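Contents: one structure, followed by commentary.
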There are 2 protein chains.
Amino acid sequence: MKGHLIKTGDNPDITKERRSATFCINKMANFIHEGHENVKRREEILKYVEEHPELCDKIPVEFMTREERVERNAQKAVAMTDHADCIDGSDFFGEGMYYQTLVMGRDFHGMLLHYSMFLQCIQSQCTEEQLDKWLPLTILRGIIGTYAQTELGHGTNLKKLETTATYDPVKEEFILNSPTITAAKWWPGGLGKTCNYAIVMAQLYTNGKNRGPHPFIVQLRDLNNHMPLPGIIIGDIGPKLGVNGADNGFLLFKNYRIPRENMLMKHSKVLPNGEYIAPKHSKLGYGAMVFTRSIMIRDQAFMLSAATVIATRYSAIRRQGEIIDSKGEVQIIDYQTQQYRIFPQISRAFAFLLAASEIRDMYLNYMEKSQISSDISLLGDLHALSCGLKAIVSFETAQGIEQCRLACGGHGYSEASGLPQLYTFAVGGCTYEGENIVMLLQVAKILMKLVKNIKNGTEYLKRDSEKTSNFKDYKTASGEDIIKDFENIARNQIFLCYEKFNNTLKEFTYEEAVNRTGIEMCKATRLHVKLYLIKNFYTKLTIIEDYDVRKVVMSLWKLYAFDMLSHLSGALKYNNYMNDKQIKNIKEGIYYYLNEIRPNAVGIVDSFNMSDRELHSVLGRRDGNVYENLLEWAKQSQLNRNEVLPTFKKYFEGMMKDGRSKL
Amino acid sequence: MKGHLIKTGDNPDITKERRSATFCINKMANFIHEGHENVKRREEILKYVEEHPELCDKIPVEFMTREERVERNAQKAVAMTDHADCIDGSDFFGEGMYYQTLVMGRDFHGMLLHYSMFLQCIQSQCTEEQLDKWLPLTILRGIIGTYAQTELGHGTNLKKLETTATYDPVKEEFILNSPTITAAKWWPGGLGKTCNYAIVMAQLYTNGKNRGPHPFIVQLRDLNNHMPLPGIIIGDIGPKLGVNGADNGFLLFKNYRIPRENMLMKHSKVLPNGEYIAPKHSKLGYGAMVFTRSIMIRDQAFMLSAATVIATRYSAIRRQGEIIDSKGEVQIIDYQTQQYRIFPQISRAFAFLLAASEIRDMYLNYMEKSQISSDISLLGDLHALSCGLKAIVSFETAQGIEQCRLACGGHGYSEASGLPQLYTFAVGGCTYEGENIVMLLQVAKILMKLVKNIKNGTEYLKRDSEKTSNFKDYKTASGEDIIKDFENIARNQIFLCYEKFNNTLKEFTYEEAVNRTGIEMCKATRLHVKLYLIKNFYTKLTIIEDYDVRKVVMSLWKLYAFDMLSHLSGALKYNNYMNDKQIKNIKEGIYYYLNEIRPNAVGIVDSFNMSDRELHSVLGRRDGNVYENLLEWAKQSQLNRNEVLPTFKKYFEGMMKDGRSKL
C-alpha cells in the first residue's frame, strides 16, 4: 500500500513523491503509532470531531482577536469535555492528547489545569472526607479549578514562595495574604477569568511558626455571578508569545479567610487548636511532575513531527531555481541544503517519539508498582530521565520547528503555514514544567553522584573506554559501534565534569561548586540524554519486523547518529579517539543518508498520519495544492473585510491631497 | 561618570550593579555610537518624539488587535513623515533608523516601502522626463507606492516571474496580466491596503518576444475613493509571525492597461512601435540591495543589543535560588549558566555593530566613488560581504534574542518582556532580502573562484597554514594569534570545500556540483564571515583610546573569540593543529572572561544608550522596578476590561450548574 494518500486532483509533484516511496506507509504508521489499532482510533476520533461542528472552528484561529480566541476556547473546552466519551479517557498519552490537539489546536484553554493539575491534586492530596466533598464536584465540572503555585517573583525555588496562610484558631480559619507584589500568584492557566477555584500553595503559619509551603483549596469567584470574592484581586496576565487563547492569571489575597478544612490534609495536618502534624514522607506528589513531563515529551515530539510534515510536503511542491537548464525549476527538496535543514528534524522526531513511548511505559509501570505494592523505587530514575529528556526534547523541538519554518522561506513566516503557531506554542515547553537549565543541572547532580559511586552507575559509565574508535566507514559501521563512540564521548564529558567539580569542591561549598561547573554540568547531561535517545531509537528500530520499513528507519537513525556525531567532532578527537579521516567519513555518511532518504521523505512524513485538521497548515496540505489555498486563506484576513480601510479617510487622503496640491 | 543612570527609587540591585562598573558608561556609549555627537543626537531625537503625542502609542501595541495596529501605524507613519525635519534625513544609517524605531517600534508600516524601495526605484530607474513626473509626487507624498516583485510561486529566481506586461503598439499601452495563481504578487509591504501605486516587476513582451523582467509604475487604487481600479485584485495576505501592523499584500492583474510611459526606461526602452532597446549594462540596481542589507545588519545588531539589555538588567534584579544558605536568594546573573546564555550575546552584539559600521562606511565610500567617477569596482566585494554578513548576523541575532528570552524564564514568554516582539520581528530577517542559505551559497561561489585564482584571493587564503597553533594560554594569547587560529580553520574549510567541489565538477555540471557541495559551501561561508567579524572587532577595539573602556571591550572580544573557537574544537584539531590541552584551556578562557565581565555587565548594556521607549520592555526598565510594573502592565490586558467575561454566562455557568445539580 503505497498510494492510499493519493487522490485525483492532487498536486502532481506530491503524487510523484508518494509513488516513489519504497515502503508501505501503513506499516510505517503502525510502527510510529504502535499498532494498527491506534492508527484506526486516530481516524475514528478525527471523524467524530469533524462531525461535530461545536468541536471545530468556523474561522481559523489566526484571524481572531485575543478576546475571540478566549471565547472560542471556552466554548470548545466545554464541548470537548461534553463529548469526552468519544475517547478512552484512561489513555491520556494516546487518545486524550490527540483529541485535545484536534479540538484545541496549538493553544491552551481555561479548563486545562482543571484536569491536568487541580484534579490531580484533589486526588493525591485530599483526606477521605475532603475527597468526598471535592472529587465529585471536580469531575462533574461543578466548579472550575486551577493550580496556583508560581509567583511573580518566585518560580523554581518553592521554599521562597511568599503567599501566607496563617491559622486563626479562634475562628478555625486560615487567613491568606499576599504580603508583597512579588507574592502575586502569576501564570496559572485559567486563573485570570475562567476558574472559580484554585489549589493555592502558601507558606503555612501555625502558632507563630512557619511550616513551609502547603496546598489549600480556595474559592475565588462567586458561584452565581462569577465576581471575584472580597479579598481576591485577580485578572489575566496579558498577551504572550503563544497560547493567547488561554487566560493565564494573577491573584493577590487581602486577608482572605478560608475554613480550616480547606487545607489539603492527606500528608500534613493542622488541628483545630493550631497544632501542626508534619507529613511522614517528604517529596510526595513528585509523580505528578513526572507524569506531566512524560506527556510533554510526547506532545513535543508530535509538534516536531507536524513541522516536518509541513516543510517536507511544501518542499516537494515548491519549485525554485534551476540546476539543469532544460529541465525547468527544481523541487526545492532536491537541494542538499534543504534536505539538511529538514531530514535531520524528521530523524529527531522519530528519536523523540520513541523516547516518549519508553518513558510512558516506565511511568505506567511505576504507577502500577507504586499503587499495588507502594514500590516507588523506579521514581528516581524516572524523575532523572524525564527531567533530562524534557530539557533536550523541548529545546531541540523548538529549534527543529524553526528550521522547518525557515526552510519554507517567506511562506513559513505567514500564519498560513501553521509553523508560527507551532513554534510559539512548542518553545514555551523550554520554560514551563521546570526551566531547562534547571532541569539539566538537576540531572547533572545525579550524574555526579553516579560517578562518585561508580559501581552503582549506569552501565556505560562503568565500562572502560577503548583507546580508539572502531569506526571505519559509514556504510559498514554497526549500530553497536556507533553507540560505543557516543558512549565514549558522554563518558569523557561526565568524567571531565566530575573532575572539575571535585576540584572545585576542595575550595567551595557544594552549591557553589555546582554553579562554578554549571556549563560543564549542562554539557554532561546533554550528552547523557542524547546517548539515551540514540540507544533507545536503535533498540526500538532493530525489532521492526517489516524489512522495508526497518531499512528506512535505519537510514533515519544513521542520519540522526552521524549528524550528532559530526557536531561533536572535537569530542571524538579527544585523546585521538578518532582521526581526521574517520571524521570526514562521518560527514560523507550524512550526505549519503540524506540522499537515501530523499525519495522516501514524503512517504515518511505521510506515515505520521496527521490530518489536515491536525496540521492546520496551508503549506502542509495532503493534496499539495498550496498556492490556490494560500490565496483563499488570505482572503479571510481581518483587513480584507473592507475593500478600503478607515485609514484612508482618516490619515492618507488628506496627506496625499496636500502633497499633490504642492505640485 | 559611572552613575548618571542611577536615580532615587531605583531597584537597589541594579544600582549596586551600576556602582560596580569599572569604566565610564559615557565613554563606552561614545565608542558604541561612534562619537559623543551621535549620543547627544539620540537623546535629542528621543526628547522630540516624547514631546509629540502623535508619535507615541497611548496603549502598548501588544494590547491591540491587528486592525488597531494597522490603524495606529497608519497614523504614526503619516505623523512620522510630517515630523521628518527633526532628524537629518541624509543620515539614514544613524538618525533615520533610530527615529523610525522610536516611533514604530518592532513593526513595519504601510509607508515603509514608499521610502525604502519605491522612491529608490524612481530615483534609479526613471528617465529624466519620468523623474520630473514621479519624483516630486513621491517625495511630497502625493501618492503612496510600494515595490511588487516576489510572487506567490516565485521568490529568489527573478527570471521565472510570471506576471506579464505585453506591449500593444496600437494603443501604445502595456497590458498587465497574472496568467496563473502563482503569478500573484505576494508580500510587498503596504500593498494590501495602504498603497495606491506600485513599481511592478513583470515579464516584458514586445513584438511577441519575451524580454525578461522589467519595472513598471502602476496605479492600483482610485485617488479619490481608494477603491481598487478595475482589473486589479488586491488585498492583505493575512497575519504573520511578526510585523502585523503592516499590510503586506497580494495583487493580481486582469488585462490591466497602463500607458507606455509607465515602463521605467532609464536602462531598457520600448519605443512606440514596440521596438525593444536593451540596457547597456546588466546588474544595475545592485546597489539598492547592498544598501538594504547594510541597513539590516545595523538594525539586527541593535535588536540583539536590546535583547541583551533586557536580559542583563532583569538578571540583575531577579533573585532565585540559594548558593550560600545564610545569604538569601542570589541574583540570577550570578549563575555561570545564566552568564553563558547572555554575555556571549553581548559580545556578539558588539561584533555585529562594529561590522555594521564598517559595511556602512564601505557603502558610503562606494556611493561616492560611483557617483563621482562611475567607479563601481568596490561593488563586488561589498555585495559579497553584505550577503554573507546578512546571513550570519540575522540568524545569530534571532538565536541570540531567543537565548536572552529563555534566560528570562516565564516572564520572557510574556509580551511584557518585549522579547517576543523582538524575536518575531528580527527572525524575519533570515528570510527577506535574500534567504539566508541562498546568500551563503552566493558567497561560497565567490570563495570558490578566489581559491581557483588563489593569487587574487583574500589575503588570508594565500598564506600558508602554520603546522600547529601558537596558542598557549587564554591569558597570554595575543589577538593576532587567536585570529591566526581562526584563519587556519576558515582556510581549511574553504580548501576542503573547494577540493570536494572540484572533484564533483569532474562528474557534474557547475550548478549540480554547487548543489552536491551545498552543506560544505555554507560552512565555508560561515567561517569566512565569522573570521571577518572577529578580525574587524579586534581592529576596531585596538584603537579605543580610553584604557578602561578598551579593557572591557577586550574581555568581550576574548569571550567572543573563545566561545566561537570552543564550538569549533573539531576543526581546531584537524591535522593536529591544536591538542586537547589547548582546547581545554580555551574553555577555561570562557569561564574566566564570563567572570571578568560579570561586574561590568549592567554597565556595558547601559552603554548601548537605549531608552525605556526604545526597549519597550517591562523587564528591561532602567530603574529595575520590574514587578510592580508587570502588574500594572497586566492590568491593561484586553481581557481585564471586564471583571467577568461573557464566557461565564454563555458557557461555564450552565455547565457548572448542571454539574452541581448532579451531586
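Checking the stated criteria, A:ILE359 turns out not to satisfy the condition of being of a type in the set (A, V, I, L, M) and under 22 Å from A:ILE597 (Cα atoms). For B:GLY428, the conditions (1) free of Cβ contacts under 8 Å to residues at least 60 places away in the same chain; (2) within 12 Å of chain A (Cβ to nearest Cβ) are fulfilled apart from (1).
Screening the candidates B:LEU229, B:LEU191 for the property of being crowded, with 20+ Cβ neighbours inside 10 Å, within 13 Å of chain A (Cβ to nearest Cβ) and under 27 Å from B:ARG66 (Cβ atoms) yields one hit, B:LEU191.
The helices (runs of 4 or more DSSP H) falling completely within the range A:63-163 that include 1 or more residues that are closer than 21 Å to A:GLU433 by Cβ map to A:66-82, A:97-104, A:119-125. Within 14 Å of chain B (Cβ to nearest Cβ) and touching a residue at least 24 places away in the same chain (Cβ under 8 Å): is that true of A:ALA407 in this structure? Yes. Of all the residues in the range A:584-605, those that are charged (D, E, K, R) and closer than 18 Å to B:MET521 by Cα number 3.
Every condition in (1) touching a strand residue (DSSP E or B) at 6+ places or on another chain (Cβ under 8 Å); (2) in contact (Cβ under 8 Å) with a residue 12 or more places away in the chain; (3) among the acidic types (Asp, Glu) is met by B:GLU643 except one, and the failing one is (2).
Restricting to the range A:430-440, count the residues that are touching a Phe, Trp or Tyr at 6+ places or on another chain (Cβ under 9 Å) and in a helix (DSSP H, G or I).
If we filter the range A:430-440 for residues that are touching a Phe, Trp or Tyr at 6+ places or on another chain (Cβ under 9 Å), which is where we start, we get A:430-432, A:436-437.
Applying the additional criterion that residues be in a helix (DSSP H, G or I) yields A:430, A:436-437.
Residues that pass the stated criteria total 3.
Conditions (1) exposed (fewer than 15 other Cβ atoms within 10 Å of the Cβ); (2) at pLDDT below 95; (3) assigned to a helix (DSSP H, G or I), marked per residue:
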{"site": "B:PHE250", "(1), (2), (3)": "no, no, no"}
{"site": "B:ILE258", "(1), (2), (3)": "no, no, no"}
{"site": "B:MET265", "(1), (2), (3)": "no, no, no"}
{"site": "B:HIS281", "(1), (2), (3)": "yes, yes, no"}
{"site": "B:THR292", "(1), (2), (3)": "no, yes, yes"}
{"site": "B:ASP299", "(1), (2), (3)": "no, no, yes"}
{"site": "B:PHE302", "(1), (2), (3)": "no, no, yes"}
{"site": "B:SER305", "(1), (2), (3)": "no, no, yes"}
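When the residues of the range A:201-226 are filtered to those that are aliphatic (A, V, I, L, M) and assigned to a loop (DSSP other than H, G, I, E, B), the one that is surrounded by the fewest Cβ atoms within 10 Å (Cβ to Cβ) is A:LEU223.
Got at least one residue in the range B:553-569 being touching a Gly at 6+ places or on another chain (Cβ under 6 Å), of a type in the set (Ser, Thr, Tyr) and within 11 Å of another protein chain (Cβ to nearest Cβ)? First the steps, then the outcome.
From the range B:553-569, those touching a Gly at 6+ places or on another chain (Cβ under 6 Å) are B:562, B:569; that's our starting set.
Narrowing the set further to residues that are of a type in the set (Ser, Thr, Tyr) leaves B:569.
Okay, now just the ones that are also within 11 Å of another protein chain (Cβ to nearest Cβ), so B:569.
Yes, that holds for at least one residue.
For every residue, the table says whether it meets (1) closer than 30 Å to A:GLY192 by Cβ; (2) hydroxyl-bearing (Ser, Thr, Tyr); (3) within 14 Å of chain B (Cβ to nearest Cβ).
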{"site": "A:ILE6", "(1), (2), (3)": "no, no, no"}
{"site": "A:ASN30", "(1), (2), (3)": "no, no, no"}
{"site": "A:TYR48", "(1), (2), (3)": "no, yes, no"}
{"site": "A:GLN75", "(1), (2), (3)": "yes, no, yes"}
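Answer yes or no as to whether A:LYS185 is among the basic types (Lys, Arg), within 14 Å of chain B (Cβ to nearest Cβ) and within 11 Å of A:PHE253 (Cβ to Cβ). So that I can check it myself, show each step before the final result.
Numbers: among the basic types (Lys, Arg): yes; within 14 Å of chain B (Cβ to nearest Cβ): yes; within 11 Å of A:PHE253 (Cβ to Cβ): yes.
For A:LYS185, the condition - among the basic types (Lys, Arg), within 14 Å of chain B (Cβ to nearest Cβ) and within 11 Å of A:PHE253 (Cβ to Cβ) - is met.
The residues on offer are A:THR150, A:THR101, A:THR166, A:THR127, and the sole one that is of a type in the set (Ser, Thr, Tyr) and either in contact with a His (Cβ under 8 Å, 6 or more places away or on another chain) or within 11 Å of chain B (Cβ to nearest Cβ) (or both) is A:THR150.
Candidates B:THR65, B:THR156: the one that is under 30 Å from B:PRO420 (Cα atoms), within 24 Å of the chain's Cα centre (by Cα) and among the polar types (S, T, N, Q) is B:THR156.
Of the residues making up the range B:285-343, those that are within 30 Å of the chain's Cα centre (by Cα), within 11 Å of chain A (Cβ to nearest Cβ), of a type in the set (Val, Ile, Thr) and closer than 20 Å to A:ALA513 by Cβ are B:ILE332, B:THR337.
Looking at A:ALA391, A:ALA384, A:ALA351, A:ALA355 in this structure, which one is assigned to a helix (DSSP H, G or I), over 28 Å from A:ASN625 (Cβ atoms) and within 13 Å of chain B (Cβ to nearest Cβ)?
Details: A:ALA384 fails: within 13 Å of chain B (Cβ to nearest Cβ); A:ALA351 fails: within 13 Å of chain B (Cβ to nearest Cβ); A:ALA355 fails: within 13 Å of chain B (Cβ to nearest Cβ).
Going through A:ALA391, A:ALA384, A:ALA351, A:ALA355 in turn, the sole match is A:ALA391.
Here A:ILE139 clears all of (1) touching a residue at least 40 places away in the same chain (Cβ under 8 Å); (2) farther than 21 Å from A:ARG42 by Cβ; (3) not acidic (Asp, Glu) except the condition numbered (1).
Are there helices (runs of 4 or more DSSP H) fully within the range A:599-651 with at least 3 residues that are within 13 Å of chain B (Cβ to nearest Cβ) and surrounded by 21 or more Cβ atoms within 10 Å (Cβ to Cβ)? List them. Steps first, answer last, please.
Values: elements: A:601-606, A:612-615, A:626-635.
Here the list reads A:626-635.
Any residue at all in the range A:339-349 that is in contact with a Lys or Arg (Cβ under 7 Å, 6 or more places away or on another chain) and closer than 28 Å to A:ASN30 by Cβ? Within the range A:339-349, one or more residues are in contact with a Lys or Arg (Cβ under 7 Å, 6 or more places away or on another chain) and closer than 28 Å to A:ASN30 by Cβ.
The values are calculated or read from the model by the stated rules, or taken from the named source; none is laboratory data. Predicted, not measured: the structure shown is a model, and the values here were computed from it. Here Cβ is always computed from backbone atoms with ideal geometry, including for glycine, and neighbour counts include all displayed protein chains.
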